[in-house]
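S.K.: Okay, here's the structure, questions in a sec.
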Amino acid sequence: MKIKLSGRELDVMTVLWSAKKPMVASEICRVNPSLSINTVQAVLKGLLKRNLIRIADIVYSGTVLTRSYETVLSASDYSISQFKDNLAVIDNDVSTIGLIAVLLEQEDNEEEVINELEELLKKRKQQLDGGD
């Protein structure tokens, strides 16, 4: 799924992802003061329309009832989408193995990552062989 977020959309989503709980528009502004309430409300409306967030609840903000929002799109799903899009732009011929090799070179704890990858590959192989 190709997902494009504008700068302000990404700002709002980042706040929601880091919160780990539903937030109202005014809370988003407090976390990121560079965002005005009008901007946040407009961005939330657009994100709702694109089904990237949802209304989690109707809650009191002071004495006023307001909507709280949570993400539908996870940060990891967004990152993977961006990674795939950028990879396609760079080189359509990059292999998965080559990519993993390059990424491993950037890791501080390469041996631990290799062990985790081996475990993931073993589990995936069992799934493919029908041994869920």
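S.K.: Picking from 82, 114, 64, whose Cα lies most toward the positive end of the charge dipole for the chain (charges on Cβ: Lys, Arg +1; Asp, Glu -1)?
M.R.: 64
S.K.: Then there is this: To the nearest 500 deg cm²/dmol, what mean residue ellipticity at 222 nm is calculated for the chain from DSSP H runs of n ≥ 4 alone, each contributing -39,500 (n - 2.57), summed and divided by the residues?
M.R.: That calculation yields -18500 deg cm²/dmol at 222 nm.
S.K.: Starting from the 7 Å offset along Cα-to-Cβ, what nm value, one decimal, do you get for the label separation of residue 58 and residue 6?
M.R.: That separation, rounded to one decimal, is 2.8 nm.
S.K.: Mind listing the phi-derived Karplus ³J(HN,Hα) values for region 61-67, rounded to whole Hz, using 6.51, -1.76 and 1.60 with θ = phi - 60°, and x for any glycine or proline?
M.R.: 3J(HN,Hα) across region 61-67, in whole Hz: 10, x, 10, 10, 6, 8, 7.
S.K.: About the Cα centre of the chain, what is the dipole size in debye to 20, counting +1 per Lys and Arg Cβ and -1 per Asp and Glu Cβ, all else neutral?
M.R.: 1220 debye
S.K.: Mind sorting 2, 123 by how few other Cβ atoms lie within 10 Å of their own Cβ, fewest first?
M.R.: Lowest count first: 2, 123.
S.K.: GNM on the chain, C-alpha springs below 10 Å: top fluctuator among 68, 81, 34?
M.R.: For the chain, modelled as a Gaussian network with Cα springs under 10 Å, the answer is 34.
S.K.: Would you mind getting me the FRET efficiency between residue 50 and residue 127? Use the beta-carbon distance for r and R0 = 25 Å, nearest 0.05.
M.R.: Taking R0 as 25 Å, the efficiency between residue 50 and residue 127 is 0.20.
S.K.: I would also like to ask the following. Between residue 41 and residue 84, take the C-beta separation as r, use R0 = 30 Å, and let me know the FRET efficiency to the nearest 0.05.
M.R.: 0.45
S.K.: Once you've got the GNM for the chain with C-alpha springs shorter than 10 Å, pick whichever of 113, 72, 43 has the biggest mean-square fluctuation.
M.R.: For the chain, modelled as a Gaussian network with Cα springs under 10 Å, the answer is 113.
S.K.: Still on this structure, I have one more. Cut-off under 18 Å on the C-alpha distance; same-chain residues fewer than 8 positions from residue 49 excluded. Which lysines are left, in chain and number order?
M.R.: Result set, ordered by chain and number: 2, 4.
S.K.: Calculated from the structure, Kirkwood radius over Cα pairs in Å equals which of [x] 14.9; [y] 17.7; [z] 21.1?
M.R.: Among [x] 14.9; [y] 17.7; [z] 21.1, the one calculated here is [y].
S.K.: For the chain, what is the percent of antiparallel DSSP beta bridges, rounded to the nearest 5?
M.R.: Counting only bridges with both partners in the chain, antiparallel ones make up about 100 percent.
S.K.: By a straight-distance test (C-alpha under 29 Å), which lysines pair with residue 122 as possible cross-link partners, with residues fewer than eight away in the same chain excluded?
M.R.: 84
Quick note: the coordinates plus some simple rules give every number you see, no bench work behind them. In this text, all values refer to a predicted model and were calculated from it rather than measured experimentally. No Cβ is skipped: glycine too gets one built from the backbone with ideal geometry, and neighbour counts run over all protein chains shown.
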